[in-house]
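Chemist: A single structure is presented below for examination.
The values are calculated or read from the model by the stated rules, or taken from the named source; none is laboratory data. All figures in this text were calculated on a predicted structure; none of them were measured in a lab. With ideal geometry, Cβ positions are generated from the backbone for all residues, glycine too; neighbour counts draw on all protein chains shown. Surface areas here come from the heavy atoms of the whole protein model, side chains and all, with no ligands, DNA or RNA. Shrake-Rupley method; radii C 1.70, N 1.55, O 1.52, S 1.80 Å.
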Amino acid sequence: MISNMKRIFIKNGKIMTMAGYIHENGSILLENGKIQAVGNIRVDEKQKDLLVIDAGGGWVMPGLIEAHCHMGITEEKKGMEGDDCNENVEPITPYLRGIDAINPIDAAFDDAVRAGITAAMVGPGSSNVVGGQFAVIKTKGRKIDDLIVKAPAAMKTAFGENPKVNYSGQGKMPVTRMSIAGMLRKELFAAKQYAKKKEQADKDFEEDFQYESWLPVLNREIPIKAHVHRADDIFTAMRIAKEFDVKMTLDHCSEGHLIAEEVAKSGMPAIVGPDFASRSKIEVQNMAFKTAGVLQKAGVMVAITTDHPVSIINSLPLCAGMAVKAGLPMLEGLKAITINPAIICGVDDRIGSLEVGKDADVVIYSGNPMEIFTETYCTIIDGKIAYRKEGF
């Protein structure tokens, strides 16, 4: 049964708030799409406008968050017709908006909901030096405009093998790591000059569509989302971020465990993965599930990614589980798919933990979601039941 009652009371659950508290045999009250109360609370369960759900001792958690993926923009089973992830003929495209190509009817969205993933950071791929704007969206609905939590949420850039391979046969830059870095510097320099002119100009200033898209980055409102695998590419990305005083997330960070102390010194978070994927290219030869744990122990804030469709979206909690098996502490594994990606993506004011006033994105599991036989009993997004296991 799917119900959209405005008030939901979940009881008899292990409430994993991901905000520093665990309530054994706890409860949570949801009302009008928000969390109203959390803890060992009691309500009059006979109220006619109240849906009561008995968690039966299961784990009650904030909805999981995928910090970096391409669901709906690289659709499954649709080939070229459903692949809008990369504009492969132009290396600098900051004005592209992921929301214009994300199809919420892609099967991956339903898979995400059934896995308890209630939000995802989605956007263009990594064939370009600058790919365009990512957005944080919810995973249940038909109209992308209604799913947006934050847009733009990041600006995608890519270093290393992907842009090199994409442009090597086109007779134009970039074909070396030097040109990737140089082109990004040139673009950022021009964007800073534009921002300065706009700030000093009068009301008749003529806006430039391309450079306008950089202003949230230059104002440090959103980060550059840097595709980096190799250690040298990680260092180049960090160098450029420092030069232009912009925020940055290190996405994939496959050799991060080899330079963990330097990554920690940068203060930049790492979105690690997709470690379930094969080592299909040279720059991921040192990819390993241990990376997340090594970085976390060095002091880096870590999130886990599937990079869907590189690894399928519903493997997210299992990817975290494999990282735990390789050394990431258990609680940190849970944080890497809840509150940490919320903070890294700049949406922790709304999602990522079970706290009063936040969005009512709640999942009930039979146990620890990082264990392979754990079942999703119920997924609630914005206070509405998006999935409920038959018989629960």
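Chemist: Name the residue that is farthest from I180 (Cα to Cα), counting only residues in region 111-153 that are small (G, A, S), open to solvent by less than 20 Å² (accessible area, probe 1.4 Å) and under 13 Å from the mean Cα position of the chain (by Cα).
Modeler: If we take residues in region 111-153 being small (G, A, S), open to solvent by less than 20 Å² (accessible area, probe 1.4 Å) and under 13 Å from the mean Cα position of the chain (by Cα), then A112 is farthest from I180 (Cα to Cα).
Chemist: Go through (1) more than 30 Å from E187 (Cβ to Cβ); (2) buried (at least 23 other Cβ atoms within 10 Å of the Cβ); (3) free of Cβ contacts under 8 Å to residues at least 40 places away in the same chain for G63 and report which single condition fails.
Modeler: (3)
Chemist: Shifting gears a bit: Could you tell me which of the residues V310, V347, V324 is of a type in the set (V, I, T), part of a helix (DSSP H, G or I) and either surrounded by fewer than 24 Cβ atoms within 10 Å (Cβ to Cβ) or without any contact (Cβ under 8 Å) to a residue 60 or more places away in the chain (or both)?
Modeler: V324
Chemist: Scan region 359-375 residue by residue and report those that are crowded, with 21+ Cβ neighbours inside 10 Å and touching a strand residue (DSSP E or B) at 6+ places or on another chain (Cβ under 6 Å).
Modeler: Within region 359-375, A360, D361, V362, V363, I364, Y365 meet the criteria.
Chemist: Taking only region 199-245 into account, find how many residues are buried (at least 20 other Cβ atoms within 10 Å of the Cβ) and in a loop (DSSP other than H, G, I, E, B).
Modeler: 6
Yes or no, residue by residue, for (1) open to solvent by 50 Å² or more (accessible area, probe 1.4 Å); (2) over 24 Å from N314 (Cβ atoms); (3) touching a residue at least 60 places away in the same chain (Cβ under 8 Å); (4) not aromatic (F, W, Y):
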position: M18; (1), (2), (3), (4): no, no, yes, yes
position: G33; (1), (2), (3), (4): no, yes, yes, yes
position: A37; (1), (2), (3), (4): no, yes, yes, yes
position: D54; (1), (2), (3), (4): yes, yes, no, yes
position: C85; (1), (2), (3), (4): no, no, no, yes
position: F109; (1), (2), (3), (4): no, no, no, no
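Chemist: For region 162-183, enumerate the residues that are polar (S, T, N, Q) and either surrounded by fewer than 17 Cβ atoms within 10 Å (Cβ to Cβ) or within 22 Å of M238 (Cα to Cα) (or both).
Modeler: Passing the criteria: N162, S168, Q170, T176, S179.
Chemist: Cβ contacts < 6 Å: first residue more than 15 Å from T17 (Cα to Cα), restricted to region 362-385; second residue open to solvent by 10 Å² or more (accessible area, probe 1.4 Å) and in a strand (DSSP E or B), any location; separation 6+ or different chain. Result?
Modeler: Hits for this filter: C378/R388; T379/A386; T379/Y387.
Chemist: In region 294-307, which residue that is among the hydrophobic types (A, V, I, L, M, F, W, C) and not in a helix (DSSP H, G or I) is surrounded by the fewest Cβ atoms within 10 Å (Cβ to Cβ)?
Modeler: Among residues in region 294-307 that are among the hydrophobic types (A, V, I, L, M, F, W, C) and not in a helix (DSSP H, G or I), the one surrounded by the fewest Cβ atoms within 10 Å (Cβ to Cβ) is M301.
Chemist: Scan region 372-389 and tell me whether some residue there is assigned to a strand (DSSP E or B) and of a type in the set (S, T, N, Q).
Modeler: Among the residues of region 372-389, at least one is assigned to a strand (DSSP E or B) and of a type in the set (S, T, N, Q), which makes the answer yes.
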